[in-house]
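Okay, so here's the structure we're looking at.
The values are calculated or read from the model by the stated rules, or taken from the named source; none is laboratory data. The shown structure was predicted, so the numbers you read here are calculated from the model rather than taken from an experiment. Cβ atoms come from the backbone with ideal geometry, glycine included; neighbour counts cover every protein chain shown. Keep in mind that these areas ignore ligands, DNA and RNA; they rest on the heavy atoms of the full protein, side chains included. Shrake-Rupley method; radii C 1.70, N 1.55, O 1.52, S 1.80 Å.
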Amino acid sequence: MTTAMALNEDQMQKLGADTVDVLRSIYDPEIPVDIYELGLVYDVQVSEDGDVHILMTLTSPNCPVAESLPVEVEEKVKCIDEAKDVEVEITFDPPWTKDMMSEEARLELGMF
């Protein structure tokens, strides 16, 4: 029986950065901006075991992709070699507002 090696701090940081890169490749189908820049991702936590926990929200509880977007996030992050277990938690506290968007997202949408 083999035991998995624990990730060191540098490996954990790299896995976190790789996770953010993946999140930046996932777009809200109704808004031409990725979910990270939209401010839908509240937190990304990486354990020394290589587990990734993503706390995110949706633009509204009635979002048309409420069922599919969390699954897409989980599946794409699981493709990172170092990611062992991936959990996507959806919260509506605090509720998403346009103020959570990055400056880049606001520029993209002409909101300045």
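In deg cm²/dmol, rounded to 500, what helix-only [θ] at 222 nm does the chain give when every DSSP H run of at least 4 residues adds -39500 (n - 2.57) and the total is split over its residues?
It lands at -8500 deg cm²/dmol.
Going by average Cβ neighbours within 10 Å, how do the peptides 84-95, 14-25 rank, with the highest at the top?
14-25, 84-95
Within the chain, what whole-number % of the accessible surface is contributed by carbon and sulfur, with the 1.4 Å probe and all protein chains included in the calculation?
That share works out to 49 percent.
Please compute the per residue accessible area over the chain with all protein chains in place, 1.4 Å probe, rounded to a whole number of Å².
62 Å²
From the convex hull of the Cα coordinates of the range 30-83, what is the mean projected area in square nanometres?
Approximately 4.0 nm², given one-decimal rounding.
Multiply the residue separation of Ser47 and Ser60 by 0.36 nm, subtract the distance between their alpha-carbon atoms, and state the gained length in nm to one decimal.
Extra length from Ser47 to Ser60 when fully extended: 1.8 nm.
Can you compute the label reach from Leu109? Point 7 Å from Cα along the Cβ direction, backbone N cut-off under 11 Å, restricted to the range 43-68.
Counting backbone N atoms under 11 Å from the label point, the list is 59-60.
Could I have the simple spin-label model distance between Gln13 and Thr91, label points 7 Å from Cα toward Cβ, reported in nm to one decimal?
Computed distance between label sites Gln13 and Thr91 equals 2.5 nm.
Looking at [x] 163; [y] 106; [z] 142, which value of volume of the Cα convex hull per residue in Å³ comes from a calculation on the structure shown?
Of the listed options [x] 163; [y] 106; [z] 142, [y] comes from this structure.
Working out 0.36 nm times the residue gap between Arg24 and Ala6, then minus their Cα-Cα distance, what length gain in nm do you get to one decimal?
Answer, rounded to one decimal: 3.8 nm.
Hey, which of these cross-link pairs are over 20 Å Cα-Cα: Lys14/Lys98; Lys14/Lys84; Lys14/Lys76?
Lys14/Lys98
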